[in-house]
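Asks: Would you mind keeping the following structure in view while I ask a few things?
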Amino acid sequence: MSAETLTAQDYIQHHLTNLTLGLHPEHGLTFANNAGEAAAMGFWALHLDSVLWSLGLGYLAYRFMVGVAQKATAGVPNGAQNFVEWIVDFVNENVRGSFSAKNDLVAPLALTVFVWVFLMNLMDLIPVDLIPYAFAQFMGLFGADTHHVFMRIVPTTDPNITFGMSLTVFLLVLYYSVKVKGVGGFAAELTMQPFGKFGFPANLVLEGINLFSKPLSLSLRLFGNMYAGEMIFILIALMYGHNLLLDLSGGVLQLAWAIFHILIITLQAFIFMVLTIVYLDMAHAHH
């Protein structure tokens, strides 16, 4: 969308609205034309852009890794093999440093989390108008109103995606907590520490908060940082199209923020991976 045809508020709202498919109370199964219609669709509305971009990036990473593995040689590696081996070694070092038990799932899970989250975060470096504008023009060929066509390309700015990943990790934490310690051992862990068996109510409250804070910390940290980064790019984009001075200032700010944002993108993927490893290590630990 062009900022020249919208107010600043409309421009920001447009970029923060997902391509939403759901059951509208009045129109039935349809795409939302605005944020209000998306909200009226309720909990079961589907953010198609978040789903398709996250699945597409996951598949892209999978095909790249498989392709490199199939062509790997014991001799002098090529650039792609060197790059993948560096990532694998980096993840393995973090697993060895943070995970004390024996579980063959943890390292592949950590590798998947790091690469997938990094790729989803990386989409934030694409100019905010480029793909949404191209998609709107494409849909316009089929008669769609381009002002009501939305496309958010950074899946980790959608809390549905970050909560989905964190809840998956949380289910693994619960599974291994019960598998390693047994139902009784896990229940005792929640009810008999830190104040012993006579502190049952306080223990359960404190340990319950500690347990359920795990998916919240994973999801909200990633979502909050990426949402803030996306918002800054949108605000910088509002500077374009007014005069040459603002255009140049916007270009400098955008470049500076993009360079700094590379650190945030990588750091958030690393934090999500490390916390996943640590939470699974805690699930395997006996108290």
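Asks: Looking at Gly56, Gly42, Gly22, Gly36, which is the one that is touching a residue at least 12 places away in the same chain (Cβ under 8 Å) and outside any loop (DSSP other than H, G, I, E, B)?
Replies: Gly22
Asks: Sticking with this one: Looking at Lys197, Lys181 in this structure, which one is at negative phi, surrounded by 12 or more Cβ atoms within 10 Å (Cβ to Cβ), modelled with pLDDT under 95 and not aromatic (Phe, Trp, Tyr)?
Replies: Lys181
Asks: Also, quick follow-up: Taking the condition of being among the charged types (D, E, K, R) and in contact with a Leu (Cβ under 9 Å, 6 or more places away or on another chain), how many residues in region 44-88 meet it?
Replies: So the answer is 1.
Asks: Only one residue in Ile161, Ile131 is touching a residue at least 12 places away in the same chain (Cβ under 8 Å), over 15 Å from Glu230 (Cα atoms) and among the aliphatic types (A, V, I, L, M), so which one is that?
Replies: Checking each option against the conditions leaves just Ile161.
Asks: A follow-up question, please. Criterion first (of a type outside the set (D, E, K, R), in contact with a helix residue (DSSP H, G or I) (Cβ under 8 Å, 6 or more places away or on another chain), part of a helix (DSSP H, G or I) and more than 22 Å from Val95 (Cβ to Cβ)) does Ile265 satisfy it?
Replies: no
Asks: Given Gly241, Gly224, which one is closer than 30 Å to Gln13 by Cα, in a loop (DSSP other than H, G, I, E, B) and small (Gly, Ala, Ser)?
Replies: Only one candidate qualifies: Gly241.
Asks: Could I ask something else about it? Just to verify a result, which residue in region 210-231, among those that are crowded, with 17+ Cβ neighbours inside 10 Å and of a type in the set (A, V, I, L, M), is farthest from Phe270 (Cα to Cα)?
Replies: It comes out as Leu211.
The values are calculated or read from the model by the stated rules, or taken from the named source; none is laboratory data. Keep in mind it's a predicted model, so treat the numbers as computed, not measured. All Cβ positions, glycine included, derive from the backbone under ideal geometry; neighbour counts span all protein chains shown.
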